[in-house]
Amino acid sequence: MSHTVRVRSAAAGDVEAILRLLKPFAEKNIILERDKDNVFQHLQEFLVAEYDEDLAGVVCVHIYGENLAEVRSLVVSPEYQKHGVGRLLVEGCEQWAASLGVAKLFALTYVTGFFQKLGYRIVSKESLPHKVWTVCVHCARFADCDEIAVEKTLSDTPIRPMAVVPIIEIDNL
Ligand SMILES: CC(C)(COP(=O)(O)OP(=O)(O)OC[C@H]1O[C@@H](n2cnc3c(N)ncnc32)[C@H](O)[C@@H]1OP(=O)(O)O)[C@@H](O)C(=O)NCCC(=O)NCCS
């Protein structure tokens, strides 16, 4: 039987499920920890991947300016990984950021291979503006950050309305 994974904007009713998705990866310092207030305050920045009634993954896009936005808090639930859900979420971010006229997306990450598959290139962290680091002071690894910066120019990303953000069919999950 085939099921559909749909990427859509997050809603208030998703917050508890988003927190459940983020928690184990925040505990391992793979992503920054967020509490419920933080997720509500940034809710309009979140996209979720929905598999039937379940949230299979989440991502957040934080806009710094016309030239730059960051992919943050990207998590696919372990049971849904390796089925293209992470790709859908990042492509959803790209559509959303491009539709708002943002030129470039970047991420600080340990999964460079994943981002490279999606067309991102490794750049030096020094090339990013200082304001990018303001949230990093809350990270346990701030003093000794070994994340790698990756970025992608969005000018070639075709702009489609959010109503048709990527949808895929997954078989045999
Ligand atoms: C990283 C993560 C989001 C990837 O999600 P996913 O749904 O498993 O990824 P996809 O199935 O969409 O993979 C897309 C492509 O990237 C590849 N890929 C996935 N994870 C990879 C990894 N860790 N290293 C290298 N390539 C990877 C896939 O093989 C696939 O390649 P293909 O198109 O040639 O088949 C997921 O593994 C995850 O949530 N990890 C834990 C949290 C984390 O590290 N988040 C990133 C914070 S920046």
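The values are calculated or read from the model by the stated rules, or taken from the named source; none is laboratory data. This structure is a prediction, so every number in the text was calculated from the model and none was measured. Please note: Cβ atoms are built from the backbone with ideal geometry, for glycine as well, and neighbour counts cover all protein chains shown. To get the accessible areas, we keep the full protein, side chains included, count just its heavy atoms, and leave off ligands, DNA and RNA. Shrake-Rupley method; radii C 1.70, N 1.55, O 1.52, S 1.80 Å.
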task: Please state the charge dipole magnitude for the chain, taken about the Cα centre, from unit charges on C-beta atoms (+1 on K and R, -1 on D and E), reported in debye and rounded to the nearest 20.
output: 360
message: So for region 2-171, averaging the separation of alpha carbon pairs under 8 Å that are six or more residues apart and normalising by length, what relative contact order in percent results?
response: 27
- request: At 7 Å along the Cα-to-beta-carbon direction for both R87 and I30, put a label point, then send me their distance in nm to one decimal.
  value: 1.9
- line: The summed charge of the P129 Cβ neighbourhood (under 15 Å; Lys/Arg +1, Asp/Glu -1) stands at -1
query: What is the log10 of I(q)/I(0) for region 2-171, computed with the Debye formula using one identical point scatterer on each Cα and no solvent, at q = 0.14, 0.15, 0.17 Å⁻¹?
result: -0.70, -0.82, -1.08
- request: Would you mind telling me the share, in percent, of accessible area of the chain contributed by carbon and sulfur at probe 1.4 angstrom?
  value: 52
message: If you take every residue apart from L19 with its C-beta less than 9 Å away from the C-beta of L19, what net charge results, scoring Lys and Arg +1 and Asp and Glu -1?
response: +2
Charge sum, other residues only, whose C-beta stays under 15 Å from V39's C-beta, Lys/Arg counted +1 and Asp/Glu -1: -1
- request: Mind telling me which of R87, R72, R20 comes out most flexible in a GNM of the chain, alpha-carbon contacts under 10 Å?
  value: R20
- line: Residue-normalised value, i.e. accessible area per residue, for region 2-171 at 1.4 Å probe, in Å², stands at 53
